[in-house]
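Structure first, then comments.
The values are calculated or read from the model by the stated rules, or taken from the named source; none is laboratory data. Every value quoted in this text rests on a predicted model; they were computed, and no experiment measured them. Glycine gets a Cβ as well: all are built from the backbone with ideal geometry, and neighbour counts include every protein chain shown. SASA here: full protein model, heavy atoms, side chains in, ligands and nucleic acids out. Shrake-Rupley method; radii C 1.70, N 1.55, O 1.52, S 1.80 Å.
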Amino acid sequence: MKAFYCPGSHWDREWYEPFQTFRMWLVDLIDEAMDLLESNPEYRCFHLDGQAVVLEDYLEIRPERRDRLAKLLQEGRLLAGPWYDLPDEWLISSESYVRNLMMGMRVCRDMGFEPMRFAYTPDQFGHIAALPMIMAGFGLKAGICWRGTQDETHPAIFNWIGPDGSRMVTFRLKDSGGYAPFLFFLRNPLREGRDREETIEQVFRPYMEGEKERSPIPLTLMLDANDHERVDLAVPALLDALRERFPDVDITWGSLEELGEEMAAQADNLPEYRGELRAPCRNPDRRYQYLIVHTLSSRYPLKRRNGQCQALLERWAEPCALFDQLAEGKPILSYLNLAWKYLLRNHPHDSICGCSIDQVHRDMAYRFDQAELLGDNGVNRAFAHYGQASAETAHLGNVVVHNPLPYARKEIVDLRLVFPPDWPHRYADGLSTAEPVNRFHLAKKDGTAVPYQIRGIERGQESKRLDEHARGIIRGGEDIYGLAVELDLPPCGFTALRVEPTTEANRHTSSLLKAPLTADNGLIRLRLSQDGLGKLTHVDSGNVYEGLFLYEDGGDAGDGWTYGKPVSDLVFKTSGTQCTTAVEEEGPLRTTFRVERILELPPDINWSRFRRSGARSPLRIVDHISIEKGAPFLRVKTEVQNTCKDHRLRVLFPSGVESHQSFADSPFAVVERPINIPEEAAGWHERTNPEKPMSTFCGVQSGERGLALLAPFGPHEYAVLDDEPRTLALTLFRSTRKTVGTSGEPGGQLLEDMVFDYLVYPFAGKADPVKLSRYVAMAQAGVRMHVTRDLPDDHSFLRQVSGEAVVTAIKPSAEREGGIIRLWNPSDHEVRDGIHLNRPIDRVSRCNLNEENLETLTIEADGTIMITVPARGIATIHFTWE
């Protein structure tokens, strides 16, 4: 057998200490490592956890050591990359994976060395199904895993097959040794004063024999990379001693990349496994090898901010930068790069998972703010150029509305129109004392009337108007009208509206409201009961879903990692609680019901008894449930004023679907999962939880009946209960006290106002993931608008051709001229799709995820770019224009 020794340090940038404290440790570590590597050639190499961000963190403090650091990296003595930082796998978007690896590789190459060609994922809380496919897109053929697998489920080395058939040969770390078996089975016992010979025979030899047994080929990895581990001067002598005692083992001090090359050379002899890795820990002797599920619902506001920032950069900032280039503008792409850096630094699992000390999560808010500011300002600069923005009061009647998505949209959108105080026509819809309302029409440039209904009026407001220099010009004393507008939006472009004074009143003679608590748009029908529960009908199939929007609140004695259900829990439901229903918007385009509930809940847990308190505190939940013209789903906005501690709140949707599986999306994949928990799991060390991750949608389906929940910005945790109606349970948040290394901190209790947005989508037949992804994208993007000097014609920069694939990226090329379009095909068969540009195309090629060209593509006679997207796979197009 050949055994690779690979030392390093697993580097959490922030966790039980904040970033700045851990950075001091990092600087000490790299200083020591550089001194040792330069002075001792026997200490062959040391890896920096597969990350490149640590190089930036170090050089901010030690800029004078850049050349020394670069030399060791170029010589392969220090190893970094391919990641920018190690992200959580469940809570980030598909494109965040791509930006992370692109950024990591760029940081490495900017320092003159190649990133480590190895998919290093040693401590993520389970692994997504598409990870082999993503890594293959960057040319990485070998990697590592730990959590989410067990000795009973996977051998030491196997071929992990991605959704599209791509293959990554994977080393599975031993359950009980994790990513530092050399430390746990040798160095730690020696540190504790045990005799070296005795330790080798009694501790290390059983470990090595176990490695021989569990590996299907004569190869293993002695990884030595524990959390924040420093270099150990004694290692060369230890390896010499091991070579003496194990003459039949070729003990080699090498790199993970070299290990990967040897594994890949024997890949044809290895077993194959497919799908995500989410097995819980079965045995208490397996040191720290928990799957860790409930970080999905910890510190929900972090998840929402992350979802909003990802949507801003992916749906707006990147597409608009490309559109600006197509319009002969010159966007400064380094702003985009910086925005992504701020956002990616919030993606490591101890950060985005919400399982660190309060200071860590306060620091994250600043990074989210910077990403948002940079993204918004980039969008505004693009609008100022190709949208010809104006802040002049004389131009308030000229409005441009933008759509960044690559397909035409006809939907009800929200606009905020500014009116000067001297608007010429207004009326009071009564004799004399009703609220005065401006009289106006909305029309396209060609005079076509645009339907709208007024949602509300804010009077005498100050507001910012975007001017031609992309600056916000402050104006005051104006009225802002919130409108619901039925718009036809061109793909990747904009439409223009004229706000015209009229002497005619604005009234509607029809409405989606069909009864006091019933609304119907011809596709779906919603009837609310007096206690706020919903009865939803899918009109075409006649399928009825009853008892929707039932809230459940139980105790949580856990922490940021894990939901801790008290043994003697008290679980509250909202049936029978104080409930008030109202209609807050009503018309032919949208009807919105407002459902207010007051739950009298225990204010906390009595920690001496681990039971919920006998006292009661009011917790207020407000649902805004909208049914819109032409929409096959309910649009829900929920506001929670959380006044209680130590609890979990979720909302329930009995589906009535007879199924043993749920479905959900994860990055670049749609997965199916069993609902029932196997009986044998009852005795496993870690609980097998019904709660599962979703990126943006989940659901159940069987035959001609299905129900899905779509969450554009989170939440990310769902369950399908093993009950008769197969209830979909969406976890809104968990409120917890404990943080790592403390007796408790207030931040995780979330004593604040929170907002949740999601769609409830009933369907007949099998769910179409392309359609679901499109609904999510529309909810994430919404629309943006501004005032313009002259009303332009409708304009489209580019459009998707067939619509059979999901467009996940529209962006400028990162390091050369041109643009990038990425298509993902979630179906089980290959599809043909592509784009059509509004101007002649010069060159086009298929490229990998790192935007490196692979082959030239043909430009169709009409200028269309078409490409075959493999089943469950990805295709990326690079193009330039004349």
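Observations, loosely collected:
- The chain, relative contact order [Cα under 8 Å, separation at least 6], %: 12
- Cα-centre dipole for the chain with unit charges at Cβ (Lys and Arg positive, Asp and Glu negative), debye to 20: 1760
- Accessible-area order (highest first, 1.4 angstrom probe) of the listed residues Trp881, Trp90: Trp881, Trp90
- In this simple spin-label model, placing a label point 7 Å from the Cα along the Cα-to-Cβ direction at both Arg243 and Ser529 gives a separation of 7.6 nm.
- Dipole in debye (nearest 20) - the range 137-180, about Cα centre, beta carbon charges: Lys, Arg +1; Asp, Glu -1: 160
- Mean accessible surface per residue for the range 776-835, computed with a 1.4 Å probe while every protein chain stays in place, in Å²: 37
- Proximal aspartates and glutamates to Lys766, defined as alpha-carbon separation beneath 15 angstrom and excluding residues fewer than eight positions away on the same chain: Asp540, Glu658, Asp665, Glu672, Glu704, Asp828
- Efficiency of FRET between Ala408 and Ala434 - r from beta-carbon atoms, R0 35 angstrom, step 0.05: 0.35
- Take His508: with every protein chain present and a 1.4 Å probe, its accessible area is about 80 Å².
- Ignoring lysines fewer than eight residues from Lys2 along the same chain, the ones with Cα atoms less than 24 angstrom from its Cα are Lys141, Lys174, Lys212.
- Across the cross-link table entries Lys303/Lys771; Lys514/Lys692; Lys535/Lys565; Lys464/Lys629, which are compared at the Cα atoms, the separations over 28 Å belong to Lys514/Lys692; Lys535/Lys565; Lys464/Lys629.
- Reach of Lys410 by Cα under 16 Å, taken over aspartates and glutamates that are not fewer than 8 positions away in the same chain: Glu486, Asp488, Glu628, Asp794
- Between Ala237, Gln202, Ala129, the Cα set farthest toward the positive side of the dipole of the range 106-247 (charges on each charged residue's Cβ, about the Cα centre) is that of Ala129.
- Along each principal axis, taking the top coordinate minus the bottom one, the Cα set of the range 423-524 gives 49, 43, 27 Å in descending order.
- Net length gained if the chain between Thr864 and Phe610 were fully extended (0.36 nm per residue, minus Cα distance): 85.0 nm
- Protein heavy-atom accessible surface, 1.4 Å probe, per residue over the range 1-140: 27 Å².
- Gain on full extension, evaluated as 0.36 nm per residue between Arg230 and Ala764 minus their Cα-Cα distance, stands at 186.5 nm.
- Between Lys771 and Glu504, full extension at 0.36 nm per residue minus the direct alpha carbon distance yields a gain of 92.1 nm.
- Cα-projected label distance for Arg789 with Glu600, points at 7 Å along beta-carbon direction, nm: 6.5
- Gyration tensor verdict on the range 1-63 (Cα atoms; rounded if a/c is under 1.5, prolate if a/b is larger than b/c, oblate otherwise): oblate
- Using C-alpha pairs under 8 Å with a sequence gap of at least 6, the mean separation divided by the residue count of the range 147-188 gives a relative contact order of 31 percent.
- If you take all other residues with their beta carbon under 14 Å from the beta carbon of Arg106, and give Lys and Arg +1 and Asp and Glu -1, the sum is -3.
- Extreme residue, positive dipole direction of the chain, given options Ser666, Tyr386, Ile92 (C-beta unit charges): Tyr386
- Cβ-Cβ FRET estimate between Asp723 and Ser568, R0 fixed at 22 Å, reported to 0.05: 0.50
- Gyration tensor (alpha-carbon) shape descriptor, the range 674-789, a/c threshold 1.5: oblate
- Nonpolar atom fraction for the chain, defined as the carbon and sulfur part of the 1.4 Å probe accessible area, stands at 48 percent.
- For the chain, the spread of Cα coordinates along the three principal axes comes to 101, 69, 49 Å, biggest extent given first.
- More than 14 angstrom apart: percent of Cα pairs within the range 574-639: 66
- All other residues whose Cβ lies under 12 angstrom from that of Val360 are scored, Lys and Arg at +1 and Asp and Glu at -1, for a net of -2.
- Applying 1/(1 + (r/R0)^6) with R0 = 30 Å to the Cβ-Cβ distance of Arg620 and Asp358 gives a FRET efficiency near 0.75.
- Neighbourhood net charge (12 Å Cβ-Cβ; Lys/Arg +1, Asp/Glu -1) for Gln20: -3
- For the range 620-747, the solvent-accessible area of protein heavy atoms averages 33 Å² per residue (probe radius 1.4 Å; ligands and nucleic acids excluded).
- Charge dipole (the range 727-882, unit charges on Cβ, about Cα centre) - positive-most of Val807, Gly741, Asn853: Gly741
- Cα gyration tensor shape of the range 591-703, rounded if a/c is under 1.5, else prolate or oblate by comparing a/b with b/c: oblate
- Cα→Cβ-extended label distance, 7 Å offset, between Asn269 and Arg816, nm: 4.0
- Sequence-distant contacts, meaning Cα pairs under 8 Å at least 6 residues apart, place the relative contact order of the range 469-570 at 10 percent.
- Per-residue ellipticity at 222 nm, computed for the chain from helices alone with -39500 (n - 2.57) per DSSP H run of at least four residues, works out to -6000 deg cm²/dmol.
- Dipole magnitude of the range 552-710, debye to nearest 20 (Cβ charges: Lys/Arg +1, Asp/Glu -1, about Cα centre): 340
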